[in-house]
Amino acid sequence: MAAEGPFLAAIIARLPDATYNLAAYGVAFALAIVIEGPVMMLMSAATSLVKDRISYTKLRNFSRVLAVGTTLFLLLFLYPPFYRSLVDGALGLPREVADLTYGALWFFIPWPAAIAYRRFIQGVLIRSGKTRLVAYGTAIRFAGMMIAAFTGYFFLDIPGAFVGSLALSAGVVVEAVAARVMADSTIRAMLGGDLDEGPPIEMTYREISAFYFPLALTSLIGLSTQPLLTFFMGRSVAPIESLAVFPVIVGLSFFFRSLGLAFQDAAIALMGERFRNLPELGRFATSLALVTTGCLAVITLTPVAQVYFISLSGLTEELTRFAVIPARIIVPLPALTVLLTFQRAILVESRRTRHITVASTIEISMVAAMFVILGWGLDLVGVTAAFSAFLIARILSNSYLMIVCRRVVKESRATS
């Protein structure tokens, strides 16, 4: 899934008006991600909560409400007066970028519901130990995305930002359908009571909400980082160039961070009672952190960076100069992402989800504060200030969660 960003950025960079379209695609994707924020944690919720027919049915109904709500909000966001007041006023985007962003967002209408549905289904598959089916679904998604992207590139006379948004939406819709087909036997077994883990657990919607809403708030806060940085970069040094290279760097970073993000649900499923398997998971997390950060370092700290940004991503030499420094700054992010998801898994399994929200609040607050200092106070180039602020904020967020997780594990073992 993480290969989508670099692939689509390379496609858009080879279409007309690449700078404006890369900027618009990055903004549209960031806004779409925020709108889907409330459904992002459905995979973790399903992995943790779905243990029998009753819990499956209730969380399924809960996820449907979230899917409808996020889709309606996206439609409201596309209401022209509402959109203009936010994008022209709050974000302050250049008119060319704002117009392209508006068109690109229309292609994201199926996005929230498709994401909600497939993340719920994938959580059920993970809980059932069928993680390979999740991988198959991702391969199908990537194939659908590539077909849509090449169709837009070769046959549709539409801007590059539209091609990128069309391809992403097509991919997630195809993946949602594939996930449901592959999970059919698991769902039938779940509804038939064949997969029940012990006696049925009566779970109310209020209990589901109390468990889930801190996670949803965490997603909203965390995913607001990209639009927030878009706002800041649009008012800093070299705004167009910063907005253009931002999605390219995010795509490269996310390719390696995604391995850490995937670790969260695996860790939840494998943690065991009273954190029985914590040492083994910790050793795996350490290895994963070293490998992912090491791979990003090889690309960004060596001459491979020029090959990646110019030959593979299709950036001009001028835009590449803007991209190299911030890409080097975020080399530690994959390792910090592994640490973050490991910490979140501990707190989800212990039902202490509110601490995850606190950590996300610390992170986004520090992103804003550090950008003001670096971007506006020291006049760093917008994209350099953005990723510097993000790295500092993530370190502080990890530090808070480290203190909390140590206390939670200690308390759990003391009562065992």
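The values are calculated or read from the model by the stated rules, or taken from the named source; none is laboratory data. Because the structure is predicted, anything quoted here is derived from the model rather than measured. A quick note on method: Cβ atoms are made from the backbone with ideal geometry, for glycine too, and the neighbour counts reach across all protein chains shown.
Structural remarks
- Residues within the range 306-346 that are under 23 Å from Ile126 (Cβ atoms) and within 19 Å of the chain's Cα centre (by Cα), tallied: 10
- Number of the exception - Leu125 against (1) assigned to a loop (DSSP other than H, G, I, E, B); (2) closer than 23 Å to Ala269 by Cα: (1)
- As a summary of the residue check, Ile392 satisfies the conditions (1) assigned to a helix (DSSP H, G or I); (2) surrounded by 23 or more Cβ atoms within 10 Å (Cβ to Cβ) except for the one numbered (2).
- The condition of being among the acidic types (Asp, Glu), in a helix (DSSP H, G or I) and modelled with pLDDT of 85 or more holds for only one of Asp157, Asp99, that being Asp99.
- Any hit, the range 337-346, residues being among the hydrophobic types (A, V, I, L, M, F, W, C) and farther than 23 Å from Leu290 by Cα: no
- Test: residue in the range 79-88 that is at pLDDT 85 or above, outside any helix (DSSP H, G or I) and within 23 Å of the chain's Cα centre (by Cα): no
- Answer from Ile330, Ile362, Ile346 - the residue that is touching a helix residue (DSSP H, G or I) at 6+ places or on another chain (Cβ under 7 Å), at pLDDT below 90 and buried (at least 16 other Cβ atoms within 10 Å of the Cβ): Ile346
- Selection status of Thr47, polar (S, T, N, Q), surrounded by fewer than 22 Cβ atoms within 10 Å (Cβ to Cβ) and in a helix (DSSP H, G or I): no
- Residue ID - surrounded by the most Cβ atoms within 10 Å (Cβ to Cβ), chosen from residues in the range 218-249 that are among the small types (Gly, Ala, Ser) and touching a Ser or Thr at 6+ places or on another chain (Cβ under 6 Å): Ala244
- Top-ranked residue of the range 256-299 - restricted to ones that are aromatic (Phe, Trp, Tyr) and surrounded by fewer than 21 Cβ atoms within 10 Å (Cβ to Cβ), ranked as nearest to Cys405 (Cα to Cα): Phe275
- Of the residues contained in the range 301-315, one or more are found to be in contact with a Phe, Trp or Tyr (Cβ under 8 Å, 6 or more places away or on another chain), under 24 Å from Pro16 (Cα atoms) and touching a residue at least 12 places away in the same chain (Cβ under 8 Å).
- For Ala13: the one exception among (1) in contact with a Leu (Cβ under 8 Å, 6 or more places away or on another chain); (2) over 14 Å from Val245 (Cα atoms); (3) of a type in the set (A, V, I, L, M): (2)
- Any hit, the range 184-204, residues being modelled with pLDDT of 80 or more, under 20 Å from the mean Cα position of the chain (by Cα) and under 30 Å from Val34 (Cα atoms): no
- Of all residues making up the range 374-416, the number that are among the hydrophobic types (A, V, I, L, M, F, W, C) and free of Cβ contacts under 8 Å to residues at least 12 places away in the same chain: 3
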